[in-house]
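Here's the structure we're looking at; comments come further down.
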Amino acid sequence: MNLGKKAVLFCFLLLGSGLTAMAQNQAKADSLKLLLVKNDTLSPKSKMSIYAKISVHSSSPNEVLLYANKLLEMASNNEQPIYIIEAYQSIGVAYRLKGNLKMALKNLFKSADLAIEYANNKLLTSDYLEIANTYTSNNDFKNAIVYNKKAIAIIRLHGNKEQLAINLLNTGFSYYRLNELEPALALYNEAAPIFDAIDLEIGKAYTIGNRALVYWKQDKYVIAEQDLLKAIKMLDRLGDKFGMADYHNQLGRLYSEKGKIEEAIDHTLTALDMAKALDLKEQIRDASLLLSELFEAKKDYGKAFAYQTQYIAYKDSIENTETTKQIANLRTDFEVSQKEKEIALLEKRQLLNRIYIMVTIFLLLFAVLVLLYFRQRFQNARLTTENERNQHDEKIRNLLNTQETKALQSMVQGQENERKRLARELHNHFGSLLATIKVNLNAIDEKSISNHHTLTTLVDQACADIRNLSHALNMGISDNFGLVPALKELTAHLQQVNGLDVEFSAAMCQEQMSSENEIIIYRIVQELVSNVLKHAEATKLSILLTCFDDESLINILVHDNGKGFDVAEEPEDIFGMGLKTLREMISDLQGEIKFDSNPASGTTVNIDLPFTQITLN
């Protein structure tokens, strides 16, 4: 049966996506080629558009291949994916019409893959339909149904009613050829109302004709006969000789089965005449065989022999053509195989090159990572060594500072002990000696010694001096009273002996300091007061001692209203070596000393001592 080819052709005619329909537009293809020749200034995009249209409308498969390959090359160079998809599709259809189904499917599948990649549903639908048509042309109806269904699924979502009805009709025919009558009839019945709704006469005719063939196989001869006649009448009005030839042929077979020889001969002869007019060799072959059988049944052996001879001639011609196609396909397969081997070898070499490059890059990256790793380790080791050295140096500095502070405390304590010893010696020894001298001197008659009064006065003065010196040496911090009482005693003595107006104030820390550290603070104040007495010529003196627990700081502030001095000069040049020693001691204790002095307001000495440095166990 040749209805399959007609059904496929029908799909081509309505969708305009196959080369059978393109033959009717060869004039358009020729005009487009002429446009290319006359216009050399066309842009690449315009040229691609013309190449695509020529590939669609040309009736020559070789010409289609030529322009489709030009389109593919230009679209690839200009990165135009839509034209690339169309080029592969046209190449696939051209190979199908040339009989090379393998190359047809190869290019159509490339086109479909790209259409999926770029989400082009319209081109993907036509790709699936062309793949289905290619399988149909090879009588592979199972695969044809698979891709027809894929196309229908997309059409239901994105297509139109005309597309849907045509593809339902074609898919139904594939089921019919597989003798799966119920699915075929269901699809025909779904397509029929759609064709009615859009009023597409040719679609109605083929639906009725194809459905009649299903009824025939279901032994519904009356309905089959009526529908075939109805389809032929509709196609006659449309001038579709191809479909009429096929359906006349089918009616001839139907009447032959029912034993209506004359009706069978009449329809088969009509089919033969139409097939010869259209040069449809397969239909001529089938009609000749049927006529031979019909005339043999009528015992008209001359006509039976003539049609049998015609049948054999067309059968051999078709078989020779098929053989030629097979040989051509074999040759193409060999060439394709060789080309594929070359491509595979090239791809293998490219893969090896990529592997070599990747391995090289990996080794280079690994070497860089190893280098960075060891560099980081070296830097870490260097930093660790430097930190350890700094910690070691810090420990040494702290140890030295501790030793210096201890040495300073020892020196101060030694000085304090020496003061006490000298005070005791002066008071106990020299004081007692002068007291004895005074007693003996008083026992002597004043008249016996002419300067008795002078000696007595001198001895009294010596006793007073010894007493004052002993008191000054022994003045300090007693073990029972501490720093603040000692400073109060110092200020009281200053007011009594030197006539100074002295103000003293103290705000001490919550934590009790050791006696050694209290002695250091006391001697610092005593040294400052001594400088005031020696150099300032002051009448007022203020001593302020403040402890800041939050800042771990002890502040000593000594202010006088004396004559002041130039702070730009070194204080040692003004006050002598005592203040130099004091500054060194404060520096060793990591403290700070500041001087603020002018003739109008006197001198202020401000000392900050971190008590964490002077408070030692």
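The values are calculated or read from the model by the stated rules, or taken from the named source; none is laboratory data. Because the structure is predicted, anything quoted here is derived from the model rather than measured. Please note: Cβ atoms are built from the backbone with ideal geometry, for glycine as well, and neighbour counts cover all protein chains shown. Protein only, heavy atoms only, side chains kept; ligands, DNA and RNA dropped before computing areas. Shrake-Rupley method; radii C 1.70, N 1.55, O 1.52, S 1.80 Å.
Which whole-Hz couplings ³J(HN,Hα) result when phi for each residue of the range 215-231 is put into the Karplus expression 6.51 cos²θ - 1.76 cosθ + 1.60, θ = phi - 60°, listed in order with x for Gly and Pro?
Residue by residue, the range 215-231 yields 4, 4, 5, 8, 6, 9, 5, 5, 5, 4, 4, 5, 6, 5, 5, 5, 5 Hz.
I need the shape label for the range 125-283. Rule: rounded when a/c is under 1.5, else prolate if a/b > b/c, else oblate, with a, b, c from the alpha carbon gyration tensor.
It is prolate, given that a/c is not under 1.5 and a/b is the larger ratio.
How do Lys230, Lys534, Lys281 stack up against each other in accessible area, from largest to smallest, with a 1.4 angstrom probe?
Lys534, Lys230, Lys281
What's the ranking of 210-223, 93-106 by average number of surrounding C-beta atoms within 10 Å, highest first?
Descending packing order for the listed peptides: 93-106, 210-223.
Could you tell me the distance between the Cα centroids of the range 162-177 and the range 33-102, to the nearest Å?
The range 162-177 and the range 33-102 have Cα centres spaced 29 Å from each other.
So how far apart, in nm, are the two label points at Gln496 and Leu66 if each is 7 Å from Cα heading toward Cβ?
13.8
What does the highest-first list of 596-605, 53-62 look like by mean Cβ count within 10 Å?
Descending mean neighbour count gives 53-62, 596-605.
Please list Tyr255, Tyr301, Tyr135 from largest to smallest accessible area, probe radius 1.4 Å, with all protein chains kept in place.
Per-residue accessible area, sorted high to low, gives Tyr301, Tyr135, Tyr255.
Compute the length gained on full extension between Asp196 and Glu386: take 0.36 nm times their separation in residues and subtract their Cα-Cα distance, giving the result in nm to one decimal.
Answer, rounded to one decimal: 58.9 nm.
Compare the peptides 26-38, 264-276, 115-127 by average per-residue count of other Cβ atoms within 10 angstrom and give them in order, highest first.
Top of the packing list down: 264-276, 115-127, 26-38.
Residue by residue through the range 134-140, what is 3J(HN,Hα) from phi via Karplus (6.51 cos²θ - 1.76 cosθ + 1.60, θ = phi - 60°)? Round to whole Hz and write x for glycine and proline.
Coupling constants for the range 134-140: 5, 5, 4, 5, 9, 6, 9 Hz.
With θ set to phi - 60° and the Karplus curve 6.51 cos²θ - 1.76 cosθ + 1.60, what are the ³J(HN,Hα) couplings of the range 549-559 in order, to the nearest whole Hz, using x for Gly and Pro?
Each residue's phi maps through the Karplus curve to give 5, 5, 9, 6, 9, 10, 10, 10, 10, 10, 10 Hz.
Starting from 0.36 nm per residue, how many nanometres of slack lie between Arg354 and Gln26 once their C-alpha separation is accounted for?
113.3 nm
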